[in-house]
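Everything below concerns the one structure shown next.
None of the figures in this text is laboratory data; all of them are computed from the coordinates on show. Given the structure is predicted, the values throughout are model-derived calculations rather than measurements. Positions of Cβ are backbone-derived with ideal geometry, glycine not excepted, and every protein chain shown enters the neighbour counts.
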Amino acid sequence: MEYPEKDRPRLGCALPVAALRGASGCGVGEFADLVPLGRFCRKAGIGLIQLLPVNDSGGNSSPYSAISAFALHPLYVRLEDVPGTDGFSAETSSFRRDVDGAPRFDYPGILSFKLSVLRRAYDALGRKAASDPALAGWIRDNPWIRPYAAFCALKVRYGGRAWTDWDSMRDPTEADIGTFWKEERRECLFHAWVQFHLERQFRAAAAALEDMGVLLKGDLPILMSEDSADVWAERRFFDLSVCAGAPPDMFSPEGQNWGFPVYRWDALLSEGCSWWKDRLEQADKFFHAFRIDHVLGFFRIWCVPRTEASGSLGHFSPYPLLRGEALQAAGFDEGRIRWLSRPHVGGADLRAGRRGVDASGEAARPRTDEGPFDEATTARIAQRYLDRIGSEDLFLLRPEVDSQTAIRGLEEPEAVKAFLASWHADRALMAYADGFLPAWYYRDSRAYRSLSDGERDRLEGLLHGLRVEAETVWEARGRELLSVLRDATPMLVCAEDLGDVPDCVPHVLADLGILSLRIERWSRRYKEPGAPYQDPAGYPRLSVSTPSVHDTSTLRGWWEENGGDREEYWKLLGLQGSCPARLTPEAHEAIVRKNIGSNSLLCILQLQEILDLDADLRSADPAADRINVPGTVTPTNWTWRMPLPVESLAERGKLTDRLASWLGGRG
């Protein structure tokens, strides 16, 4: 869907569909609930609704763990609008009464109920559903549905197990999928029938919003779950030898291992990126704009070996290798190269139980806080897990235990495993087939710290040259891939460009007209003393500004959890008096209005921030309003619900009038 008036500033509202509390829903938001939300937005002057991903994520409540790049989530279907479900209306009404009052929604329970009703309705319709010409035409127009439906049918057959654990059809050809479709046509058609009606409902809601003048913005996760229909059926596009993740940072010193396979971009480009183009064309049925999650992955991705549990020993890909010849030319002989690339455990360290570099990065030197091992433990470690170097009092980790997964699987006390893991991480260079890459914490390694000043200077010179070369490679890769995405549809392209951002990224995004992201609490002038906050009025025009997102606390949560930050931000607000420990309604309004007045083309407020502007809707505990806490798996993640029926939002006259009065140029 074409994004109209691309140079017009707009105010938007962000939320997961599931968070909507509809009067006709089954305890969770549904596509049809977007229509009454649109009525509220129109009255408040909000011109855009941004949704979290709406793809089917199977049994995982995280919308960023999609099992299909194309299929919609059955959780968002309105049962009453699907043919054949009228026979289950009493059961549905009873279920709705049981679950609708809960502050959080029961993801597995509601999904199971909806799928149960859909399957029984499909069975009751029998041949009438299977022979529907509209369904047949839709299947012809959507080639992705056959592998997706076959994948779902096989999931049912194998009790929900991952495709890697199936007894058959683990590596199917297109012909294999076609044969399975014919053999299990009725089961496959069920999953196609569900998607057919989901798309109808979503398109109807999108059309109603467009008639109101409210645009829709989607969210496309860059990566796919390994246990997905796409990885299963399109294996040539995915590299399963490594996992995608993120390098260590101040929030995650061990880095992150997301467990998702990475793309084989050369394979995708050889076919004209047809898979990505098809994915965007599917999104174009519903959205005027879309957010690219982790856009940095189109420039380079953090790859973590399958043998590693955390992200600390990953590496960027693509990245030029440091060749052995270059190291030797810089004065590092084979022994010195081995010293840099393989952890060396000193005998004194072993006997004292001293650790090497802590994999979390929090300790950059040997630790002695736990005391020495006893003689039996020391002997066992040396005998089972280490190889002595000649007659020296120096050891190497044995190859079979030189990985985090191997060490974690040992039947040893935690202190022993922590000792081995710390030395496994203690290396300056990581060896690959025909070269080396720098470890993230290479400067903290024993090997690096033992180098002479001259050796350090020469090594740093080599590594700096690699980084400069990498920036050139990343810029070319990002420009090529993002040009394909930008030109594939008339949707407006927005990027989530957070993290360790290469220097080339802002230039490429600006050149291509792709909006960057500015999260207010992290938008600071870090190179200046005190890292003062940037004023939103100075944000780039081609950007999306926001005070909070689904992976952060809300404004109130941030304010009340981070005392040091709020004092600094108070100066930017220019309000009278001392900084309050609790975010007052006046300060909250000032922050929201400052964001609305930003220079960004789009200002997006989470629904929670909007509701907090109404004293009657302001939640008692801002921590309960958080959508997700990254790195955790809890029943509260992804299950937040708005506290009142969405139909009544448009009736909150004071709230809509206040928002509309603040819009200025965004009206």
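Neighbour counts of other Cβ atoms within 10 Å put ASP444, ASP81 in the fewest-to-most order ASP81, ASP444. Would you calculate a helix-derived [θ] at 222 nm for the chain, using -39,500 (n - 2.57) for each DSSP H run of n ≥ 4 and dividing by the full residue count, to the nearest 500? It lands at -12000 deg cm²/dmol. With the charge dipole of the chain set up from +1 on Lys and Arg Cβ and -1 on Asp and Glu Cβ about the Cα centre, the Cα lying farthest toward the positive end among the listed residues GLY665, VAL468, THR489 is that of GLY665.
Let me make sure I get this right: for segment 1-89, a, b and c are the square roots of the gyration tensor eigenvalues over alpha carbons, sorted descending. Under 1.5 in a/c it's rounded, otherwise prolate if a/b > b/c, else oblate. Which is it? The shape class here is oblate. For ALA206, neighbours were defined as the other residues whose beta-carbon sits under 14 Å from its Cβ, and their charges (Lys and Arg +1, Asp and Glu -1) total -3. Pairs from the table (LYS155/LYS285; LYS114/LYS654; LYS43/LYS527; LYS527/LYS594; LYS6/LYS654) lying more than 32 angstrom apart at Cα are LYS114/LYS654; LYS43/LYS527. Packing-based ranking of 140-149, 300-309, 616-625 yields 300-309, 140-149, 616-625, ordered from highest to lowest mean Cβ neighbour count within 10 Å.
Relative contact order of the chain, taken over Cα pairs closer than 8 Å and 6 or more residues apart, is 18 percent. Using only side-chain charges placed at the Cβ, +1 for Lys and Arg and -1 for Asp and Glu, the dipole size of the chain relative to its Cα centre rounds to 940 debye. Annotation: peptides 153-159, 424-430, ranked by per-residue average of other Cβ atoms within 10 Å with the highest first, follow the order 424-430, 153-159. Listed by Cβ neighbour count within 10 Å, with the fewest neighbours leading, ARG384, ARG21, ARG593 appear as ARG384, ARG593, ARG21.
The Cβ shell under 12 Å around HIS294 holds other residues with a net charge of -4, Lys and Arg each +1, Asp and Glu each -1. Panel note: the C-alpha atoms of segment 258-315, placed on their principal axes, show extents of 40, 25, 17 Å (largest first). Using the alpha-carbon centroid of each, what span in Å lies between segment 388-422 and segment 196-248? Answer, in whole Å: 41. Evaluated with a Cβ-only charge set (Lys, Arg +1; Asp, Glu -1), segment 318-465 carries a dipole of roughly 80 debye about its Cα centre, given to the nearest 20.
Evaluate segment 318-465: find the radius of gyration of its Cα atoms, find its Kirkwood radius, and give the ratio Rg to Rh. Result for segment 318-465 is an Rg/Rh of 0.98.
For TYR432, the residues 5 or more places off, or on other chains, whose built amide H falls under 5 Å of its own are LEU437. Normalising by residue count, the chain has a Cα convex hull of 182 Å³ per residue.
Computed with the Debye formula from one identical point scatterer per Cα of segment 215-268, without solvent, the log10 of I(q)/I(0) at q = 0.16, 0.19 Å⁻¹ comes to -0.59, -0.74. For ARG203, ARG279, the sequence from fewest to most other C-beta atoms within 10 Å is ARG203, ARG279.
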